[in-house]
Amino acid sequence: MKLLLFTSFLALLLLAVPAAAQLSLTPPTATPSPAPEKPKEKPEIKPHAVTKKKEATPAPKPSASPSPPPAATVIPAPPTDNSNADLVYGAYQRGQYKTAFDLATARAQGGDPKAMTMLGQLYSNALGIKRDYPKAVEWYKRASDAGDREAMFELAMMRMAGRGGPVDKGDAVKLLASAAKLGEAKAAYNLALLYLDGQTLPQDVRRSAELLRQAADAGLPEAQYALATFYKEGTGVPKDIERAVRLLQAASLADNVDAEVEYAIALFNGTGTPKNQPAAVALLRKAARQNSPIAQNRLAWVLINGVGTQADKVEGFKWHLVAKTGGKGDPDLDKQLTDLPPDDRAKAEAAAKKWLGTK
């Protein structure tokens, strides 16, 4: 299940290499949308689909390149104190979807809203049963009417996308608002994006920030990352770099890749947090292994230059080649690669091919 219909912010990650070869990782800044009124208050919103990124220009002139928008997965409602509901959720978690369907059907017929929501999820995602959006909507609607906040959120997403019925953004907004009031973090997050986008709802960056804070406080990594961008830029909230970095740290601990990259940059530069270059490099490695082209490019630079870690040109150029396939090409590193001894260049190319799974 996709959490987002709209995401997110263009975080610009800069890398500068002064003449003294002392590497500097510069944190990203949000690019404002070309709005006629108060353009600084609206970070650019991009659709969920990943778009082509701008190529970075060679150092020492740093260039901006947008990070991919964060993607999030809807998490099923947590188990309740009801032992029968626990059985349904447990079967779902183990991938025993047919069992979950049978158990949930029995519980739903007895009026259990959580079981109704589970049936909606199973029908919507073709888990243990043939996909049937109208039936998913039916079960979500029954659970929503019974006060289940997860069902409200799921039904809102289906209304927004026009699955199982016509698009109804008005109803979707009402459902999101109701779910957010009941503490549904994902609903608060998506509602915040609608207030920021300014199309379905009037643009209200302060209200967007309030909703993001609600979702971030509930532990939603995407909201923590988004709110960090707000605090970094002073959008809807007072500018507060240290608070932004704390939010990035929280999101990175939850494996949000975009947050990992930005938090690594903050650690590398000592921006809003004590400088810790070895920790920054370790975080870049983690994000690189999670297939972030930006992290792969930055990791290539620190390894090739031996800043914050031991120099390893073969490994560094491996990550450069991998990043290049992900849209983060770097002409300066291409030139340095041609100057590498043939044996080392062959090793780097072989390592990159192995990582990419190509011959």
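The values are calculated or read from the model by the stated rules, or taken from the named source; none is laboratory data. Keep in mind that what you see is a predicted model, and the values were worked out from it rather than measured. A quick note on method: Cβ atoms are made from the backbone with ideal geometry, for glycine too, and the neighbour counts reach across all protein chains shown.
Within segment 242-258, how many residues are touching a Leu at 6+ places or on another chain (Cβ under 8 Å) and touching a residue at least 60 places away in the same chain (Cβ under 8 Å)?
Residues in segment 242-258 being touching a Leu at 6+ places or on another chain (Cβ under 8 Å) and touching a residue at least 60 places away in the same chain (Cβ under 8 Å): 0 in total.
Could you check, for segment 183-201, whether at least one of its residues is outside any helix (DSSP H, G or I) and more than 26 Å from residue 145 (Cα to Cα)?
yes
Identify the single condition in (1) surrounded by fewer than 24 Cβ atoms within 10 Å (Cβ to Cβ); (2) hydrophobic (A, V, I, L, M, F, W, C); (3) within 20 Å of residue 290 (Cβ to Cβ) that residue 177 does not satisfy, given that it satisfies every other one.
So residue 177 meets the others, but not (3).
When you look at residue 85, is it over 25 Å from residue 159 (Cβ atoms), modelled with pLDDT under 95 and buried (at least 20 other Cβ atoms within 10 Å of the Cβ), yes or no?
The answer is yes for residue 85.
Would you mind stating whether residue 165 is over 27 Å from residue 228 (Cα atoms) and either polar (S, T, N, Q) or outside any helix (DSSP H, G or I) (or both)?
yes
Give me the pairs: first residue in segment 307-326 and in the same structural domain as residue 291 (by TED's automatic domain parsing) and closer than 11 Å to residue 355 by Cα, second residue of a type in the set (D, E, K, R) and assigned to a helix (DSSP H, G or I), beta-carbon distance under 7 Å, and six or more apart or on different chains, which are they?
321/349
Residue 224 is checked against (1) over 30 Å from residue 186 (Cβ atoms); (2) of a type outside the set (Lys, Arg); (3) free of Cβ contacts under 8 Å to residues at least 40 places away in the same chain and fails just one. What number does that condition carry?
Of (1) over 30 Å from residue 186 (Cβ atoms); (2) of a type outside the set (Lys, Arg); (3) free of Cβ contacts under 8 Å to residues at least 40 places away in the same chain, only one is false for residue 224: (1).
Of the residues that sit in segment 230-246 and are over 14 Å from residue 265 (Cα atoms) and not in a loop (DSSP other than H, G, I, E, B), which one is nearest to the chain's Cα centre (by Cα)?
230
Go through segment 240-274 and count every residue that is at positive phi and not charged (D, E, K, R).
The qualifying residues number 2.
So, in segment 278-308, how many residues would count as being buried (at least 19 other Cβ atoms within 10 Å of the Cβ), modelled with pLDDT of 95 or more and not hydrophobic (A, V, I, L, M, F, W, C)?
6
Any residue that is closer than 30 Å to residue 320 by Cβ and in contact with a Gly (Cβ under 9 Å, 6 or more places away or on another chain) - is there at least one of those in segment 193-200?
No, the conditions are met nowhere in segment 193-200.
Considering (1) of a type outside the set (Ser, Thr, Tyr); (2) in contact with a helix residue (DSSP H, G or I) (Cβ under 8 Å, 6 or more places away or on another chain); (3) within 30 Å of residue 309 (Cβ to Cβ); (4) not assigned by TED's automatic domain parsing to the domain that holds residue 278, say which one residue 242 fails and leave the rest.
So the condition that residue 242 fails would be (2).
Could you identify the single residue in 177, 192 that is in contact with a Leu (Cβ under 9 Å, 6 or more places away or on another chain), farther than 21 Å from residue 234 by Cα and not basic (Lys, Arg)?
Every option except 177 fails the conditions.
Within the set of pairs 6 or more residues apart or between chains, which connect a residue that is outside the structural domain of residue 103 (by TED's automatic domain parsing) and closer than 13 Å to residue 155 by Cα inside segment 119-137 to a residue that is in a loop (DSSP other than H, G, I, E, B) and of a type in the set (Ser, Thr, Tyr) with Cβ atoms less than 6 Å apart?
Taking only residues 6 or more apart or on different chains, not a single pair turns up.
Need the failing condition index for residue 96 against (1) farther than 30 Å from residue 224 by Cβ; (2) touching a helix residue (DSSP H, G or I) at 6+ places or on another chain (Cβ under 6 Å); (3) modelled with pLDDT under 95, just the number.
Here residue 96 clears every test but (2).
So residue 229 ticks every box in (1) surrounded by 20 or more Cβ atoms within 10 Å (Cβ to Cβ); (2) in the same structural domain as residue 312 (by TED's automatic domain parsing); (3) touching a residue at least 40 places away in the same chain (Cβ under 8 Å) but one. Which box is left unticked?
(2)
Tell me, please, whether a residue that is more than 26 Å from residue 312 (Cα to Cα), of a type in the set (D, E, K, R) and more than 16 Å from the chain's Cα centre (by Cα) can be found in segment 259-281.
no
Test residue 298 against the criterion of being without any contact (Cβ under 8 Å) to a residue 12 or more places away in the chain and at negative phi, and give yes or no.
no
Of all residues in segment 245-277 being out of contact with any Lys or Arg (no Cβ under 9 Å at 6 or more places or on another chain) and polar (S, T, N, Q), which is nearest to residue 233 (Cα to Cα)?
The residue in question is 271.
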